[in-house]
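Working notes, beginning with the structure itself.
Nothing in this text is a laboratory measurement; each read-out follows from the coordinates by a stated rule. Given the structure is predicted, the values throughout are model-derived calculations rather than measurements. Here Cβ is always computed from backbone atoms with ideal geometry, including for glycine, and neighbour counts include all displayed protein chains.
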Amino acid sequence: MSYNSIVMSVKFQAVRGTHDLLPDQTAHFQQLEARARALFGQFGFHEIRTPTFEALELFHRSLGETTDIVEKEMYVFEDRGGRKLALRPEGTAGVVRAFIEHHLAQTNPVCKLFYIGPMFRAERPQAGRYREFWQIGAEYFGNPYPEADAELLLMVQTLYRALGLTDVQFKLNSLGDATCRPVYRRALTDYLEAEKPGLCEDCVRRMAKNPFRILDCKIDGPRLKNLPTIDSFWCGDCRIHFKAVTSLLEKAGGQYVFTPRLVRGLDYYTRTVFEVSTSSLGAQDPPSSASKEEGLASKQERSQGALAAGGRYDTLVKQIGGPDVPALGFALGSERTLDALKAAKTQPAASRGVLVFVAAQGEETVPAAFQLLQELRSNPQLGERHISVEGGFFQKKLGAQLTLADRLDARYCVIMGQDELEKGEITFRSLKESTQTRIPRQKLISHLLDVIPAEAGIQP
Ligand SMILES: [Zn+2]
Ligand SMILES: [Zn+2]
């Protein structure tokens with residue numbers, strides 16, 4: 001085989017577990033992100049952008065060395081300077097690191113940040129799960145009161161309502177704090193010790209490291225009906241905090257389902273945890289032949305139907321070297337949320353705005369037509385109305401240019417011919433109504449602004 005034929009035979013594809021977002025999909029991502037940005041702004045959150053990779057140690061310290069993400073799912077690498085780095089598997093660690101590094105606690109009496117970006121986890125690829133996936137999340141620093149928990153939950157609920165997703169469940173629980181969680185842990189371990197012979201092999205392994213995970217084991221969870229749950233062990237302060245969060249939610253028209261068995265996969269949560277799920281997305285169990293090691297983490301970290309999750313992490317900032325600042329946050333999966341909207345058939349129509357096509361007839365008109373094209377494209381008023389302008393096929397016959405305009409679904413066509421050029425005019429054709437009129441070239445922009453109303457550009 002010659003060198004050339006080897007080169008020819010290589011067929012590049014997106015790396016396993018990753019996906020391309022084509023224009024039809026990015027339109028939906030943009031709508032989701034725009035909705036989130038606007039709403040988070042109303043709740044007083046401001047955007048932060050942190051790097052997609054951080055020191056590996058940061059994730060060890062924040063997520064906990066024994067969590068599934070850290071043990072099995074991180075993309076870890078060494079750079080040329082021998083530094084141990086990792087692609088971020090979630091957004092909180094980086095935001096907390098930035099919060100500490102830039103002393104935001106000192107300069108911002110209230111620090112509320114949101115982020116939008118890709119995350120990376122080496123999960124076993126399956127429907128709707130990607131190794132590079134997008135999250136939208138928010139972190140709220142410096143408010144220890146139940147009002148902050150309720151506010152964050154209401155923000156998430158308002159977002160899903162605004163998106164038109166009605167089939168949504170908000171599971172809520174409190175994981176207690178340093179006073180009551182150890183007591184609960186002991187009671188749970190004692191109970192499980194007696195049940196050990198009947199536990200599945202994953203749970204036997206989890207018992208020592210993180211017995212809480214057994215609560216949402218699909219095999220043992222439903223079977224062990226008398227498993228003690230955290231709510232019987234809450235200390236006075238945790239009980240008061242939880243009651244306050246639920247009563248605030250009730251008063252503000254929020255919804256929640258108290259789920260005492262809800263535990264999140266990450267070690268850093270204290271008190272409030274929540275998970276947003278929908279039945280629009282069915283269960284996606286990995287096939288039984290799949291590698292257990294890889295499948296396990298998916299089941300635990302991002303349980304079936306889960307769209308978003310979050311909670312309070314009052315000790316995390318201190319734990320990774322910052323001041324003693326309470327915090328809470330959440331993140332939603334963009335792909336999962338858009339899948340749910342699609343399944344519920346409430347996905348808003350993707351829009352590309354209104355298209356105007358510029359055509360020319362005759363070689364002498366080409367420079368003037370090209371100049372017109374540039375003038376329209378650089379006009380900020382047309383830009384604000386999402387009016388896009390196509391052209392640049394002036395070498396083709398006029399008929400071929402108009403056919404192209406039609407195929408591109410252009411709304412209007414601006415034709416520059418020899419006669420138009422001499423008279424300082426253009427022909428303005430409406431392709432939907434098949435009507436045309438001559439107008440002075442100078443009046444073209446104001447004419448376009450007249451015929452394309454402000455909303456039309458956004459909702460064609
Ligand atoms: Zn189990
Ligand atoms: Zn407590």
Item to complete: Would you grab the residues whose amide H sits under 5 Å from the one on residue 307? Only those 5+ places off in sequence or on another chain, please, with H modelled 1.01 Å from N.
Response: 276, 277, 278
Worksheet item: All other residues with a Cβ under 15 Å from the Cβ of residue 233 taken together, and with Lys, Arg as +1 and Asp, Glu as -1, what is their net charge?
Response: +2
Fill in: Nonlocal amide H pairs with residue 135, under 5 Å, H built at 1.01 Å
117, 119, 334
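If Lys and Arg each add +1 and Asp and Glu each add -1, what is the summed charge of the other residues whose beta carbon sits under 9 Å from the beta carbon of residue 248?
Result for the local shell: -3.
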Worksheet item: Of 171/318; 196/218; 72/209, which ones are farther than 19 Å apart at the Cα?
Response: 171/318
Response to the item:
As a percent rounded to 5, the proportion of antiparallel DSSP bridges among beta bridges in the chain is 80 percent
Discussion item. As an exercise, take the mean of 1/r over every pair of distinct alpha carbons in region 153-276, invert it, and state the Kirkwood radius in angstroms.
Written reply: 15.7 Å
Worksheet item: Once amide H atoms are built 1.01 Å from N in the peptide plane, which residues 5 or more positions from residue 19, or in another chain, come under 5 Å H to H?
Response: 132
Worksheet entry | Cα Rg, Dmax, region 354-451, angstrom units | 12.1, 32
Practice prompt. Using packing as a proxy for protection, rank 178-190, 320-332 so that the peptide with the highest average count of other Cβ atoms within 10 Å comes first.
Written response: 320-332, 178-190
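In the chain, what is the volume of the convex hull around the alpha carbon atoms, normalised per residue and reported in Å³?
Values: hull volume 101.5 nm³, N = 460.
Hull volume normalised by residue count: 221 Å³.
Can you pull the semi-axes for region 161-226, root of five times each eigenvalue of the Cα gyration tensor, sorted largest first, whole Å?
The answer is 28, 17, 10 Å, longest axis first.
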Worksheet entry | Segments 368-374, 21-27 sorted - mean Cβ within 10 Å per residue, highest first | 368-374, 21-27
Fill in: Karplus 3J(HN,Hα) series, Hz, for region 241-252 with 6.51 cos²θ - 1.76 cosθ + 1.60 (x for Gly, Pro)
4, 5, 4, 5, 4, 5, 6, 4, 4, 4, 5, 8
Worksheet, complete the sentence: Checking rank on 130-137, 49-56, with mean other Cβ inside 10 Å and highest first, the result is 130-137, 49-56
Worksheet item: In nanometres, what is the gap between the two model label sites at residue 162 and residue 407, each 7 Å from Cα along Cα-to-Cβ?
Response: 4.0 nm
Practice prompt. Label region 2-108 by shape, choosing from rounded, prolate and oblate, from the square roots a ≥ b ≥ c of the eigenvalues of the Cα gyration tensor; if a/c is under 1.5 it is rounded, and otherwise prolate applies when a/b is larger than b/c, oblate when it is not.
Written response: oblate
Discussion item. Helix-only estimate, please: 222 nm mean residue ellipticity of the chain, summing -39500 (n - 2.57) across DSSP H runs of length 4 or more and dividing by its residues, to the nearest 500.
Written reply: -11000 deg cm²/dmol
Response to the item:
Residue by residue through region 9-14, the couplings from Karplus 6.51 cos²θ - 1.76 cosθ + 1.60 with θ = phi - 60°, in Hz, x for Gly and Pro, are 7, 6, 10, 6, 9, 4
Discussion item. Apply the Karplus curve 6.51 cos²θ - 1.76 cosθ + 1.60, θ = phi - 60°, to the phi angles in region 323-329 and return the couplings in whole Hz, x for Gly and Pro.
Written reply: x, 7, 10, x, 7, 8, x
Discussion item. Can you pull out the GluC sites (Glu not before Pro) in region 181-286 whose DSSP state is coil and whose Cβ has at most 10 other Cβ atoms within 10 Å?
Written reply: none
